[in-house]
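**Q** Got a structure for you, questions after.
Please treat every number below as a calculation from the coordinates, not as lab data. Keep in mind that this is a model prediction, so the values were computed, not measured. Reconstructed Cβ throughout: ideal geometry from the backbone, glycine too, with neighbour counts over all protein chains shown.
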Amino acid sequence: MPRYQQGSIRQIKRAEGMAWVLRYYTTRTDGKRVEHMVSIGLVRDIGPKKADASREADRQKLRETINQVQPFQGKPSTFGQLCQHYIENELRIDQSNSARPKAFPTIETYERHLVKRIIPRWGNLAPLAIKSTEVEKWFFELRQGNAQ
């Protein structure tokens with residue numbers, strides 16, 4: 001049974017600025033250990049202390065992800081990738097065989113909202129990095145006409 005990894009948290013320089021990353025190792029099928037990194041977030045958003053980054057990694061459940069029985073495949077999906085998957089695999093299928101069929105106007109509305117509003121605002125974030133308070137604030141801004 002593989003051992004449980006805590007990973008190590010480091011700061012690295014990225015185009016957007018300094019970022020916190022969680023480093024961990026996996027063992028390939030040939031037995032070689034390979035280092036991987038998962039981005040936790042930008043230092044300016046999370047905080048300057050390693051403890052801040054550790055709390056954020058726990059909030060995003062990154063340690064559970066790197067300790068899955070099956071090897072962790074690359075970077076975690078962004079919310080935008082999940083939205084694209086939903087559009088391609090749920091909205092653009094034959095609705096007659098769907099568990100919850102959607103009418104054509106509903107499909108058009110969902111896709112329009114995803115493409116024009118939701119993906120541009122939230123698409124670059126990891127799904128677990130999106131906080132409900134931020135979404136509520138965004139909804140309020142949308143109602144006021146101040147949101148992007």
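**Q** Would you mind putting 91-101, 118-128 in packing order, based on average other-beta-carbon counts within 10 Å, highest first?
**A** Answer by packing, highest mean first, reads 118-128, 91-101.
**Q** For the chain, what relative contact order do you get, as a whole percent, if you take Cα pairs closer than 8 Å and at least 6 residues apart? Working shown, then result.
**A** Working: 140 pairs, mean separation 25.6, N = 148.
For the chain, the relative contact order is 17 percent.
**Q** Which of rounded, prolate or oblate describes the range 79-144 when judged by the alpha-carbon gyration tensor and an a/c cut-off of 1.5?
**A** prolate
**Q** Something else: For the range 7-51, run through the trypsin sites (Lys or Arg not before Pro) and keep only the ones in DSSP coil with at most 13 other Cβ atoms within 10 Å of their Cβ.
**A** Hits after loop and neighbour filter: 28, 32, 49.
**Q** Output the antiparallel fraction of DSSP beta bridges having both residues in the chain, as a percent to the nearest 5. Please list the in-between numbers first.
**A** Numbers: 16 of 16 bridges.
Of those bridges, close to 100 percent are antiparallel.
**Q** Calculate the FRET efficiency for residue 65 and residue 108 from the Cβ-Cβ distance with a Förster distance of 25 Å, rounded to the nearest 0.05.
**A** 0.15
**Q** Relative contact order, percent, of the range 8-66 when contacts are C-alpha pairs under 8 Å separated by at least 6 residues?
**A** Reported relative contact order: 28 percent.
**Q** Let me ask something else about it. Averaging sequence separations of C-alpha pairs under 8 Å and six or more residues apart, then dividing by the length of the range 79-144, give the relative contact order as a whole percent.
**A** Once divided by the residue count of the range 79-144, the mean separation gives 50 percent.
**Q** Continuing with this model, one more query. Picking from 104, 65, 24, whose Cα lies most toward the positive end of the charge dipole for the chain (charges on Cβ: Lys, Arg +1; Asp, Glu -1)?
**A** About the Cα centre, the residue reaching furthest to the positive side is 24.
**Q** Additional query: Roughly how many debye, to the nearest 20, is the charge dipole of the chain about its Cα centre, given +1 on each Lys and Arg Cβ, -1 on each Asp and Glu Cβ, and no other charges?
**A** 540
**Q** How do 140, 104 rank when sorted from fewest to most other Cβ atoms within 10 Å of their own Cβ?
**A** Ascending number of Cβ neighbours within 10 Å: 104, 140.
**Q** For the chain, what percent of Cα pairs sit more than 19 Å apart?
**A** So the pairs more than 19 Å apart make up 64 percent of the total in the chain.
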